[in-house]
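Each remark here refers to the structure printed beneath this line.
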Amino acid sequence: MPVEADIVLSVRDLIVRFELADGSELTVLDGVTFDVLRGETLVVIGGSGCGKSTLLNCLIGEIEPDAGTIMYRLPELGEVDLATAGDETRDAVRKRFGILFQSGALFSSLTVAENVALPLKEHSHVASDIIDIVVAMKLQQVRMLPHRDKYPAQLSGGQKKRAGLARATALDPQLLFYDEPGAGLDPVTSSAIDELIMDLSHKLQVTSVVVTHDMDSAFRIADRMIMLQQGKIMRIGPKRDFDALRAADPARLATDEDRLIHQFLRGVATGPLTDAEGMSEYEKVLVGVKSMAGIR
């Protein structure tokens, strides 16, 4: 059982609802509760429409929950509930974490080096010559220094992710959030990004939260895992527990929950997730409002 000093982020009873066109409400996150431990890599998994992206957007302050707390414990700021914090405090918390978006989210009009330098110019008082040194160091960490003067349009998908990761670490964050880091990449490049994530976690001693539905990636990088299903946490535990369940004989699994998680982890076409005809009402509604920000 972790002691409070080990917890850098504590989420309690998180609820997010979206109003639908007919005036009814859909609960996308329903009582989500978990802790993130200092220095660990926590991987959030689950199928399309389970609430992963909505959860990530809550953790970074892009979506305000309807209920619950998102308590950061940061040395410089103390305890801050991002769910209720004012704009100034929220901005101070955001400076303590970095985010790697699916696409890398680089500014197309800036070079790689200029993209990485941007957070330093906007949020620090470091002299320009020092910024140049820091940018070189960050690009070297992700093996992108030879590409510093290129523009995003000149980069491959993997290079964009590397450049985005360099920018995410520019301010030496205490936490890193990853949104589908392997999305759109071939298996070899995706594996290389995973190796980079693990390398940075060890070198920078940073806490990481990764949202993904790529099981190979999840099992490579995770210390602990959370599985979301229809907006609720179905299972949370160390990677070894999920690994054992993935390797288990499905005929020997005792509960429907175990069989459902096993099917997802193995990517099997038949099982509890697909036995019911068609989609659940939850999934149908999510598909209908997929254009809403933060829902996947």
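The values are calculated or read from the model by the stated rules, or taken from the named source; none is laboratory data. Please read these numbers as outputs of a predicted model, since none were measured by experiment. Don't worry about glycine lacking a Cβ; one is built from the backbone with ideal geometry, like all the others, and counts go over all protein chains shown.
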Residues within the stretch 75-87 that are modelled with pLDDT under 90 and more than 12 Å from G61 (Cα to Cα), tallied: 4
Residue match in the stretch 175-183 (condition: surrounded by fewer than 20 Cβ atoms within 10 Å (Cβ to Cβ) and more than 16 Å from the chain's Cα centre (by Cα)): no
Exclusive hit being on the phi < 0 side of the Ramachandran plot and in contact (Cβ under 8 Å) with a residue 60 or more places away in the chain, set R220, R224: R224
The stretch 73-106, subset among the aliphatic types (A, V, I, L, M) and not in a strand (DSSP E or B), residue nearest to the chain's Cα centre (by Cα): A105
Residue that is basic (K, R), surrounded by fewer than 16 Cβ atoms within 10 Å (Cβ to Cβ) and in contact with a Lys or Arg (Cβ under 9 Å, 6 or more places away or on another chain), where the choices are R252, R224, R240, R266: R266
Elements of type strands (runs of 3 or more DSSP E) contained in the stretch 7-56, each with 2 or more residues being more than 13 Å from the chain's Cα centre (by Cα), more than 18 Å from R224 (Cβ to Cβ) and not small (G, A, S): 7-19, 25-37
Odd one out for L26, checked against (1) touching a Gly at 6+ places or on another chain (Cβ under 8 Å); (2) farther than 22 Å from R235 by Cβ: (1)
In the stretch 190-214, residue surrounded by the fewest Cβ atoms within 10 Å (Cβ to Cβ) [restricted to those that are assigned to a loop (DSSP other than H, G, I, E, B) and touching a Pro at 6+ places or on another chain (Cβ under 9 Å)]: D214
Pairs with Cβ under 7 Å, 6+ apart, first in the stretch 32-59 and farther than 27 Å from R266 by Cβ, second part of a loop (DSSP other than H, G, I, E, B) and of a type outside the set (G, A, S): D35/P2; L37/P2; G39/Q205; N57/I63; C58/P65
Residue under evaluation L145, criteria (1) surrounded by 19 or more Cβ atoms within 10 Å (Cβ to Cβ); (2) under 21 Å from T111 (Cα atoms), criterion not met: (1)
Only one of T212, T207 that is of a type in the set (V, I, T), at pLDDT below 95 and touching a helix residue (DSSP H, G or I) at 6+ places or on another chain (Cβ under 7 Å): T212
Residues (within 21 Å of L204 (Cβ to Cβ) and not in a loop (DSSP other than H, G, I, E, B)) located in the stretch 57-72: L59, Y72
Pairs, first more than 22 Å from A92 (Cα to Cα) and touching a residue at least 40 places away in the same chain (Cβ under 8 Å) in the stretch 109-130, second aliphatic (A, V, I, L, M) and assigned to a helix (DSSP H, G or I), C-beta under 8 Å, six or more apart: L110/L118; V112/L139; V112/A163; V112/A166
Meets criteria (part of a loop (DSSP other than H, G, I, E, B), at pLDDT 90 or above and among the charged types (D, E, K, R)) for D172: no
Matching residues, the stretch 121-145, being part of a helix (DSSP H, G or I) and within 26 Å of E180 (Cβ to Cβ): E122, H123, V135, K138, L139, Q140, Q141, L145
Matching residues in the stretch 70-108 - criterion: being in contact (Cβ under 8 Å) with a residue 24 or more places away in the chain and of a type in the set (S, T, Y): Y72, S103, S108
Residues of the stretch 75-92 that turn out to be surrounded by fewer than 17 Cβ atoms within 10 Å (Cβ to Cβ) and under 21 Å from T33 (Cβ atoms), as a count: 3
Selection within the stretch 144-161 - charged (D, E, K, R) and without any contact (Cβ under 8 Å) to a residue 40 or more places away in the chain: R148, D149, K150
